[in-house]
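The values are calculated or read from the model by the stated rules, or taken from the named source; none is laboratory data. Note that the structure is a prediction, hence the values are computed from the model and not measured. Positions of Cβ are backbone-derived with ideal geometry, glycine not excepted, and every protein chain shown enters the neighbour counts. Surface areas here come from the heavy atoms of the whole protein model, side chains and all, with no ligands, DNA or RNA. Shrake-Rupley method; radii C 1.70, N 1.55, O 1.52, S 1.80 Å.
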Amino acid sequence: MAAEGGMSLVVKTVTRWLKGLIFLFGMYIMIYGHLTPGGGFAGGVICASAFILITLAYGAPEAYRHLPRGAAEKLDSFGALTFLIIALLGLWFAGVFFRNFIGTSPESHFRLTSAGVIVPCNLAIGLKVLSSLFLVFVMLSALHIIVSGEGRRRIERRRHTP
Amino acid sequence: MIHAIPMMVVLPLAGAFFIPMVSRRAAWVPDAVGNAVMVVLAVISFGLIGREGIYHVGGWPTPLGIDLRLDGLTAILLLAVNGIGLCAALFSVSYMELYTSKFRYYSLFLFMVAGMNGVIITGDLFNLYVFMEIAAIASYALVAFGCEHEELEASFKYAVLGGVASSLILIGIAVVYMITGSLNMAQIADRIQTIGLTPPILLALCLFVAGFGLKAALVPFHAWLPDAHPSAPAPVSAMLSGVLIKAIGVYVMARLFFNVFGPTSDLLAVMRLLGVLSMVIGVLLAVGQWDMKRLFAYHSISQIGYVMLGLGLGTPLGLAGGLFHLLNHSVFKSLLFLNAGSVEYSTGRRNLKQLGGMARILPLTGGTTLVASMSIGGVPPFNGFWSKLIIIFACIRAGFYGLAGWAVLVSVITLASFLKVLRYGFYEAPAEKLRVERSMAPLMAVALLLLAISCLAMSLFVVTGLESPVLVDRAVEALSAGVFGM
Amino acid sequence: MIYALCLVLVGIGLYGVLAKKNVVKIVIGLMIMEYGIHLLLILIGYRRNGAFPIMQPGQDPGAYASVAVDPLPQALVLTSIVISLGVLALLVALCLRLYEKYGTFDISEMRRLRG
């Protein structure tokens, strides 16, 4: 993996060092969303930015090697479905839709377990945001625009007129 | 049964996310899941008729959590959305074979239904905005579904104007939150009762009129509708024209103005003015159209004008007429769009100048188009006649003789314009020989028959008196009960 | 007063939507409108020298409400940003497709629909 496409060697090397750290930071933001500023959306965006960095530095094929498109589409739906299932489990266990059925306890202040269902909800949202933001970026940047028909004629006309 | 209220949003969302996960392997899954979800939703919305209640999501009490609200008005709109949605989904099984990637279509369709159901049941202003955006974004994508020149252009126009409308609505919500310090509809209503309609609240009201007017395509804001609705695939046009503009436009306006802000005479006058303008201008623009779907789209503007006129009268009779017409319009307009779709499915054309003799080629579509046209034109045994009659009576009884005259005149022009459709499209021999590419699929016929039968059956709603048609009377009660109490 | 500045931002965005001919500029105008509204929402929740919105054990709710910053608008803005992200992605995709079909970004040259 060297000079085929993508940015310069410096960017590629820095990307190789940073991608794991950025992803890890995103996961931290996701998991500790109920204690520190952040949460599912912010963490998901940071995780997605790791993949977007790879796309920018190496190009889309390398990014697809890290997260294949089919897997990203599956994860996208899976995250949203998990969120719905957590909400439905509240109805199942506690009798009210979206009820916090795991429960909170005053002893567990500032621990991971202090917020009940918020942590799994954040993880589900993070998964959804990660995969859908990555997909949006890759789809829009890797789109091959083929202008044909009317548009082609219009561009050619514009090229000929000074 | 109270737990069925959140299910109206959860089920379509779950379906929408489930379909893309499994559809790569099995092509029948999108059809099956989409239709199954719509059947369940339609059954639930039947079951919710006549029930009332407030559901606290997450078990949080009123000012802290999000409330879901069920009353008479909610019930009839849920019935309209999910009933029409079921017919459109049945119709799409064969019709959407004309397009590719059916699973995307069903996914977006279910998102749109989830958004509309959410708008209807929510009791929280910001939640309403979020659901409205879900429905709107899904509909932008559905309008562009064909990915051809016209579709993309219409979708861009629709998306930009819809985005502006959403922005206006969001500013309105921000202003309301700034003044009242709450987003819960009941609490806002309560606080507005004490502080009165101060200038900031009036600013918010103006923004809501403009924003929801854009979403409902009332006349000064109608420019996007005649492009967007005909460009979508036929079942989607049926959903857009039949229920979307009502669920995220007219319904929200009625709910906010009658139950949250309290109807003042100025507000009612504005609603009447918008109603009459859309009624008259919509029908005048419709007369000259030759594209079948475009003609129907202009008639949607005109018929929404009737609904707004009825609501703007503010009297119980006017409300009954407006809401009954809303229900009726959702049935016959979606039937008309599905008919146009089945003509397009068989012949590949929808321009009336190139069509003709369809009543012989597609007898069922001919019959259902006749029913729907008579309905929208206000011919006696059909449902459209009764609701227009109630609106005209309400105008006369409230002393607006001029408005009653306009309503009669517009009804006559509407009938004339639909006679044109019937003559050129269905009964007169075509100018050139038509080639029938596909015959009608059975599920499409089922959808058309269901809607045509309800066109007739809904005229029985008035057996309990013009003042209080079945189902509609509870919705009128909900609206005329005044603002929400805490 | 500062609220009026947000509305000026919204007005600039609206001008962009209405007056520009380039579809990409129209999309940018729409987004400027949304940003103006987000700013307005954030400012509604702002309170000078306000406390963080976490209620301490044993604190009086009234006293808490009188010093704390309002946390709700921030949640609203976050939601609204996500929504505008969705709209932006859709609109950009539409712009690309429009370019593919028409070979131009100029909206005055896209006139298949009329009437």
* Looking only at C:G13, C:G58, C:G36, which one moves most when chain C is put into a Gaussian network model with springs between Cα atoms under 10 Å? -> C:G58
* Asked: Taking Cα centroids, how far is segment A:1-65 from segment B:338-392 in Å?
  -> 56
* Interface area, B with C, accessible, probe 1.4 Å, both sides summed, Å² nearest 100 -> 3200
* To do: Find the relative contact order for segment B:4-480 and round it to a whole percent, using C-alpha pairs within less than 8 Å whose residues are 6+ positions apart.
  => 16
* Structure fact -> Along the dipole axis of chain C (charges at Cβ: +1 for Lys and Arg, -1 for Asp and Glu; origin at the Cα centre), the most positive-end residue among C:Y99, C:V10, C:L78 is C:Y99
* Which whole number gives the average, over all residues in A:88-100, of C-beta atoms from other chains lying within 10 Å of the residue C-beta? -> 4
* Helix hunt in chain C: which complete DSSP H runs extend at least 27 Å axially by C-alpha with mean Kyte-Doolittle at least -0.5? -> C:23-45, C:72-102
* **Charge-dipole axis of segment B:4-480 as Lys and Arg at +1 and Asp and Glu at -1 on Cβ define it, positive-most pick from B:F332, B:T347, B:M8** => B:T347
* Structure fact -> In debye to the nearest 20, the charge dipole size for segment A:9-160, taken about the Cα centre with +1 at each Lys and Arg Cβ and -1 at each Asp and Glu Cβ, equals 800
* Assign one of three labels to segment B:239-280, namely rounded, prolate or oblate, based on the Cα gyration tensor with a ≥ b ≥ c the square roots of its eigenvalues; rounded applies when a/c is under 1.5, prolate when it is not and a/b is larger than b/c, and oblate otherwise. => oblate
* **Qualifying trypsin sites (Lys or Arg not before Pro) for segment B:50-143 [loop in DSSP, other Cβ within 10 Å: at most 16]** => B:R51
* Could you list, in their original order, any pairs among B:K157/C:K25; B:K215/B:K246; A:K12/A:K74; B:K353/B:K433 whose Cα atoms are separated by more than 18 Å? => A:K12/A:K74
* **Inter-part distance where segment C:53-95 and segment B:61-101 are each reduced to a Cα centre, Å** => 28
* For the Cα atoms of chain A, what angle does the longest principal axis make with the long axis of helix A:118-141, in degrees from 0 to 90, nearest 10? -> 0
* Asked: What percent does the relative contact order of segment A:9-160 come to when contacts are Cα pairs within less than 8 Å and at least six residues apart?
  -> 28
* Roughly how many debye, to the nearest 20, is the charge dipole of chain C about its Cα centre, given +1 on each Lys and Arg Cβ, -1 on each Asp and Glu Cβ, and no other charges? -> 580
* Structure fact -> Applying the gyration tensor rule to the Cα atoms of the protein assembly as shown (axes a ≥ b ≥ c; rounded if a/c under 1.5, else prolate if a/b exceeds b/c, else oblate), the class is oblate
* To do: For segment B:106-177, count the residues as N, evaluate 2.2 N^0.38 Å, and divide the Cα radius of gyration by that value, please.
  => 1.19
* Specify which residue in the list B:I391, A:F137, B:V209 is farthest towards the positive end of the charge dipole of the protein assembly as shown, using unit charges on the beta carbon of Lys, Arg (+1) and Asp, Glu (-1), about the Cα centre. => A:F137
* **Angle between chain A longest axis and helix A:9-31 axis [Cα atoms, degrees, rounded to 10]** => 30
* **Shielding score for C:79-92, defined as the mean number of other chain Cβ atoms within 10 Å** => 6
* Structure fact -> With -39,500 (n - 2.57) per DSSP H segment of 4 or more residues and division by the full residue count of the protein assembly as shown, the 222 nm estimate, nearest 500 deg cm²/dmol, is -23000 deg cm²/dmol
* When you have a sec, figure out the Kirkwood radius of segment B:4-480 from all distinct Cα pair distances and drop it here in Å to one decimal? => 22.1
* For segment B:98-230: accessible area per residue (Å², 1.4 Å) -> 23
* Neighbour cut-off at most 12 other Cβ (10 Å), DSSP loop, trypsin sites (Lys or Arg not before Pro), segment A:55-162 -> A:R111
* What aspartates and glutamates could a cross-link reach from B:K420, if we take a straight Cα to Cα line under 20 Å and drop same-chain neighbours fewer than 8 places away? -> B:D291, B:E344, B:E428, B:E432
* To do: Starting from the Cα of B:K388, draw a straight line to each of the aspartates and glutamates and keep only those under 14 Å, dropping any in the same chain fewer than 8 residues away.
  => B:E467
* Other chains near B:144-154: what is the mean number of their Cβ atoms within 10 Å of each residue's Cβ? -> 5
* To do: Could you state the accessible area per residue of chain A in Å², with a 1.4 Å probe and every protein chain left in place?
  => 57
* To do: Using only alpha carbon pairs under 8 Å that are at least six residues apart, calculate the relative contact order of segment B:15-97 and give it in whole percent.
  => 29
* Structure fact -> The helix A:150-160 Cα axis meets the longest alpha-carbon principal axis of chain A at an angle in degrees, between 0 and 90 and rounded to 10, of 50
